[in-house]
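Have a look at the structure below before the remarks.
The values are calculated or read from the model by the stated rules, or taken from the named source; none is laboratory data. Computed from a predicted model, the values in this text were never measured in an experiment. Methodologically, a virtual Cβ is constructed for each residue, glycine included, from the backbone with ideal geometry; neighbour enumeration extends over all protein chains shown. Surface areas here come from the heavy atoms of the whole protein model, side chains and all, with no ligands, DNA or RNA. Shrake-Rupley method; radii C 1.70, N 1.55, O 1.52, S 1.80 Å.
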Amino acid sequence: MTLLWIPLLTLLGVLVPVFTERYGRGVLSLATATLPAVALALTLLQIPTLLEGDIPRVSLAWLPELGLDLAFRLDGLSLLFALLILGIGLLIILYAAFYLSAEEASGRFFAYLMLFMTAMVGIVMADNLLLLWLFWELTSLSSFLLIGFWSHSSEARKGARMAMTVTGAGGLALLAGLLLLGDMVGSFDLGVVLESGDAIRADSRYPLMLVLVLLGAFTKSAQFPFQFWLPHAMSAPTPVSAYLHSATMVKAGIFLMARLHPAIGDTALWGWIVTLTGMATFLYGAWFALIKTDLKAILAFSTVSHLGLITVLLGVGSPMAILAALFHIINHATFKGSLFMSAGIIDHETGTRELSKLGGLRKAMPVTAVLVSLAAAAMAGVPLLNGFLSKEMFFTELLDTPLLGGLGWLLPTLATLGGILSVAYSLRLVHAVFFKPAKESPPKSPHEPPHLMRLPVELLVTVCVLVGIIPAVLATGLLDLATRAVLGEALEFHLAIWHGFNVPLLMSVLALAIGILVYAMHSHIRRLARQFAPVDARRSFEQGTQTLVAATQAITLRLENGSLQRYMSLLLGASLLLATLGLLDLPTLAGDKPSQPLDGVLILGAALLIFGAVGTAVTHRYRLISLLMLSVVGLLVSLTFARFSAPDLALTQLSVEVVTMILLMLALFFLPQKTPRESTAKRNIRDLLLAGSLGMVVASLNYAVLTRDMSSIAHFFMENSIPGGGGHNVVNVILVDFRGFDTLGEITVLALAGLAIFKLLNRLRLFMPHSDGEGRLWSPDRYPMILTSVSQALLPLALLVSAFIFLRGHNQPGGGFIAGLIAAVALILVYMARGVEWAQSRLDFQYQPVAIAGVAVATLTGLGSWAFGRPFLTSAFGHFHLPILGDFELATAMLFDLGVFLAVVGATLMILANLGKLTTPHRPSKEPATTTPGKEKKS
Amino acid sequence: MTYLIALLPLILVCATAVAVMLGIAWQRHHASTVLTAVVGLNLALLSLVAVHQVAPFETLLVAVDGLAIFGAVLVLVSTLACATLAHAYLEHYRGPREEFYLLLLCAAAGGLVLVSSRHMATLFFGLELLSMPLYGMLAYAFHERRSLEAGIKYLVLSAAATAFLLFGMALAYAQTGRLDLAGLTAGLGEGGGAWGLAGAGLILVGLGFKLSLVPFHLWTPDVYEGGPGPAATFLASASKVAVVIVLLRLVIESPAFAHVGVHQILAVLAFASMLIGNLLALTQANLKRLLGYSSIAHFGYLLVALVVAEGLAVETAAVYLVMYVVTTLGAFGVVTLVSSRDISGDAAALHHYRGLFWRRPYLTAVLTVALLSLAGIPFTAGFIGKFYIVALGVEAGRWWLVGGLIVGSAIGLYYYLRVMVTLYLVEPGMQRHDAPHDWGTRAGGVVVLGLAALVVLLGVYPTPIIEWAAALGVAHG
């Protein structure tokens, strides 16, 4: 259980700075340091258990459904890293207390730092792959917060975002890889995974998984070609750079590779990818470290280079190579951490990090000069310092590796080259800052920093020196435990400074000698480097993003210009594509049903129909003509129904057509005669093409459907119309009987719609035109004589027809709906012929009650069937004989139909008559009817 | 009686709508209208417990089963959130405020029908009942050009999409002679069908439009940007949930629908949505537009579950849906609250949010949590959802889709972070739109805070949701 406390303590540590900020910097940093110190002590307490060969583990179920447990372990590898993270973390807290200026939000900074520490401790101690990944993402997030801490600097924000995007994407790849790994093993438990190495390597999905996992590791550890984010993350405050970007976070990728090495390493593929990537990174970083002039940039690139070195060792993968890798992790953390902190001190004291402005600082800062020189010497691999030992081992392993076969000499050569460059840049760092006389004077006059600020540097450099001199005493125990964790067995090794005269020593000596030479020729190298266009990674990344952004902006502009027409055309195009896909699937267009014979009338009708449709579209800017064309279409559709033996539908269609046309005409009155031309020719062509092809595809689909057998419910109605509803007119029977309930709903809606329109018109104030487009007044002869007389004669006749159609509806074409429409049309005709005034005085009843009465009658009919103990709307029918009309059938459905009739008449008139009245003094508006048209116009 | 209980939520919501309507006719009063709506919705939510007792219950038209209850809960919760947000939002609106709730309730009723539909008739009816009030809600601030434009755009495009949906239904019906989903999909599956693929494709157009999948997504950013906050919230949450549930029924419940062609179409749509949605979000300078694009991408992710359509697909989709809804409600809620001061155009441009943290720290925290969740950062709800999708994709070996998801998420991270950084920037002379000072104690504020808490809670302890989803997976998988 103590194990659980280690990450928990650091997590609690996040809260400490938030609450202690108000007590001042000193208390704040002390309080913040307390919990990690306890955690460090707890970690150290575990060592005896580890030495006994046990691995402390603890596991709590968290989300068993996902295979995610809150499981921690502390084996040698975890121990090594945990000590690094907590130990250096404590030093950084001490350092940062002096580094941050007084007005900066140090509480927030320390909180972020503790969050990051928690995440790192979590990664190294996780005993579950998914838990490891969670902490992995948490490091990305917290490092984003830390890098972007100086959020006022756009440099910092961009650097932070770049780091986050790269490591975040890598993290997702890693997740995919780990999921795959878990799938292959059947568990996310680290213990199980590490034991099933052979099964994993034999799996066919191994290469894919390996690539995904390595993508995650490489992005995190800034390996080539993902190295570019690290130097730009250096815009972070220096304690962050020292902690995240040299000692801990960038080592997470390395840790992952070391951690999973037993499970997924030791294959040719692993060797190739990891070694070569590492070598490329090693050389790339070393070269840029040599030519950069910013102090932190040099350190950043050298970090990239050293990470490459460690990666190479992990790629080689022999037991001694793993040992060397782990050893170098410790060494690098110590010397690079101290160098970063020193760089921060120099920056702090002089106000600049540019090499050209620095120089001769050894007089002002003698102690720092000694410390930096020692750390840089360790970095260069000078004997008696820790860097020398691990670099020696590095050379040895590369000489021994079987990788690359015949080209085996290439790796040691490249390694020596890298060594030369490291010597050169280390030398340059020290010489340029402390010894060479300054070209310009720095912004501030420097002096030694407060002693406590220097203390962390002193401690780390001491470790460098001590490990370098007596490695066996200081490092063996820890490394023994760590290698045991990676390799699964104890490794016999002996750390010593002197191995006799051998090839690696020769390589070291060569590297030192040539490195000094290279630095001597440094100005030539600078000149050489200047000939190449500087590759600024952030600029390329920014440029990449900018290009991407520009491209997306272009797409956005093309797609999303806010034009409804364009959206519509894209929607239609996409649907067209889908429908066409379906058509392509058809073997033949025509099915097996025989076609009906064509005759002249049909062809003529079809031609007229097409003409009408095309005409409607073509003349759409001339509304009246377009409307006339549309009426041709409507008429022909009615005729088509009539021709194909659906007289009933034809009648309905015809009357609906007439009423609609009247409605449109009434609306037309308020619209301008012409629509302005809006579309360009290009758009017209596009629309034409789109409409044409859409029409063709839909027509083809329809043809395909019509020429094949299909089941339909029509037969049911045909067969049941007489026995079930007692009528021969199937449509009417459906309306009033089979689907009576629907119809009841529909007429209710119709009546409601009529009422709503009536109410809407109430408030409407429209411009009342009194002259046409060319300034001619409206004809004073508003009610032509012929129409007046005809309409008067027609009215009773039409009403009679309406009644007739209503009565015969049940068996022959007709019915309440059609009858209602006919009656309404006839009444409207009176309005049109005689004017509102005349008609109003004679039709002095309101339409609203008519419509409502209709609905009421229909409902009551339905309810009536309850009186006979039947379900709602059950119909009954019987035959009766009337003197003149002959044998005739009376059904309760008839009563229902009467309701339909009334509702239709009422609603239609409510809409049409009121719309017509709008321009007359009888308009249904609330204000007094005395307002004259002239006044209206002004308002 | 069973019928009545099974349909109780729907009946309650409709009754509430009628009550609100009568209330408006009698006496306009904003607070009591909201109260009525909220009480009705809560009752409907409670009644789901009773519905659960009679649960697998089917009629010809509706299936009240686990999936329907799941969908109903999400729809009702979203509607509740929208109603409370609308209360804060409309407080300062000069114009009739009460009708908004009427429309909201009608749309919710449509959503309830849709989630339990098992017949083309209810599907269509539900979809239209869901969409129609939305036209009105989107154009509610009709003096505002953008709002009106949003309403009209949605109306016209939605009508076109619906036309295709109907045509597709007709073709599918002609092919199979069935209108119930099970029979229809079975019919389509066995024959392969002459024009069945075209029919299925056109049905997908109609549903894809509502889910704003690429290439039917074009309306989304404009409408999200233009519509009033609560309306956009409803559009992004309840409306999409309901449609996804129907699509789930179509695709997963009836494996016959997993006709090869349809699957490929779905996979292409998913891939395109993930990439294009994220790419286009990259350049947006308006938070509502950005959320619109991000929702396109998110439904691309969700579609991965439908493409795989086996194994844990139902469970994955359900988990993702919950996480998405909670997160989206939170994000839109904040936008709505920030805009609620001033109805003349929503405060959605990113510069309105610059330095919000220094003025409204807790509100900013809510938005940050929501954005983190949308980005799929661990310990938020969004992560669990994304985790499920990746796991499903990896298990099924759909590498293209997993790749698209990873690339899309990386791009997503970039722009979510941009917004987050903006929130914390300090710059002089900022401050324009803002939430009212007492936002935290108002209903809307409480809802938003609760949602943020829920996002984190579900991110850390999603077990209840996972168990619920797993039960669904067993019942429907």
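Just a few scattered comments:
- Förster radius 30 Å - calculated FRET efficiency between B:LEU350 and A:TYR23, Cβ distance, rounded to 0.05: 0.20
- Solvent-accessible surface (1.4 angstrom probe) belonging to B:TYR416, in square angstrom, nearest 10: 10 Å²
- Quarter of Cα convex hull surface for region A:12-73, i.e. mean projection, nm²: 5.9 nm²
- At most 11 other Cβ within 10 Å, DSSP loop - trypsin sites (Lys or Arg not before Pro), region B:143-215: none
- Nearest 10 degrees, 0 to 90: helix A:129-147 Cα axis against chain A principal axis: 80 degrees
- Relative to the current alpha-carbon distance between A:HIS499 and A:THR2, full extension at 0.36 nm per residue lengthens the span by 174.7 nm.
- Per-residue HN-Hα couplings for region A:499-512 [Karplus 6.51, -1.76, 1.60; θ = phi - 60°; Hz; x = Gly/Pro]: 10, x, 6, 8, 4, x, 5, 4, 4, 4, 4, 4, 4, 5
- Net charge, A:LEU68 excluded, C-beta distance under 12 Å - Lys, Arg +1, Asp, Glu -1: -4
- Label point distance in nm, A:GLU542-A:THR707, each placed 7 Å from Cα along Cα→Cβ: 6.5 nm
- Charge dipole magnitude, Cβ of K and R +1, D and E -1 - the protein assembly as shown, Cα centre, debye nearest 20: 4500 debye
- Overall Cα dimensions of region B:2-470, principal axis frame, Å, largest first: 67, 54, 41
- For region A:424-519, chymotrypsin sites (Phe, Trp or Tyr not before Pro) meeting the loop criterion (DSSP other than H, G, I, E, B) and having at most 11 other Cβ atoms within 10 Å: A:TRP498, A:PHE501.
- Partners of A:LYS357 within straight-line reach, counting lysines whose Cα lies under 23 Å from its Cα and excluding those fewer than 8 residues away in the same chain: A:LYS292, A:LYS296, A:LYS336, A:LYS436, A:LYS439, A:LYS444.
- Loop sites by DSSP among the GluC sites (Glu not before Pro) of chain A, restricted to those with at most 11 other Cβ atoms within 10 angstrom, leave A:104-439 as the longest stretch without any of them.
- Annotation: amide H-H contacts under 5 Å for A:LEU68 (H modelled 1.01 Å from N, sequence separation of 5 or more, or interchain): A:LEU63.
- Local electrostatic count, A:LYS593, Cβ distance below 10 Å [Lys/Arg +1, Asp/Glu -1]: -1
- For region A:66-84 and region B:81-111, distance of Cα centres in Å: 52 Å
- Modelled FRET efficiency - R0 22 Å, A:LEU399 with A:ALA490, Cβ distances, 0.05 increments: 0.35
- Net charge, B:ASN278 excluded, C-beta distance under 14 Å - Lys, Arg +1, Asp, Glu -1: +3
- In degrees, nearest ten, helix A:319-350 long axis to first principal axis of chain A (Cα): 90 degrees
- Modelled FRET efficiency - R0 60 Å, A:LEU30 with A:LEU564, Cβ distances, 0.05 increments: 0.40
- Between 0 and 90°, nearest 10: helix A:386-400 axis offset from chain A longest Cα axis: 80 degrees
- Only Cα pairs under 8 Å and 6+ residues apart enter the sum, and on that basis the relative contact order of region B:2-470 stands at 15 percent.
- Relative contact order (%) - criterion: Cα under 8 Å, at least six apart; region: chain A: 8 percent
- Percentage, to the nearest whole number, of Cα pairs in the protein assembly as shown over 54 Å apart: 38 percent
- Label point at A:TYR783 placed 7 Å out along Cα→Cβ; residues across region A:819-844 whose backbone nitrogen lies under 17 Å: A:826-844
- Residue separation of B:ALA443 and B:TYR362 scaled by 0.36 nm, minus their Cα-Cα distance, works out to 27.6 nm of gained length.
- Residue-averaged [θ]222 nm for chain A, counting only DSSP H segments that reach four residues, each worth -39500 (n - 2.57): -23500 deg cm²/dmol
- Label-reachable residues, region A:173-205, where backbone N falls under 11 Å from a point 7 Å from A:THR267's Cα toward its Cβ: A:198-205
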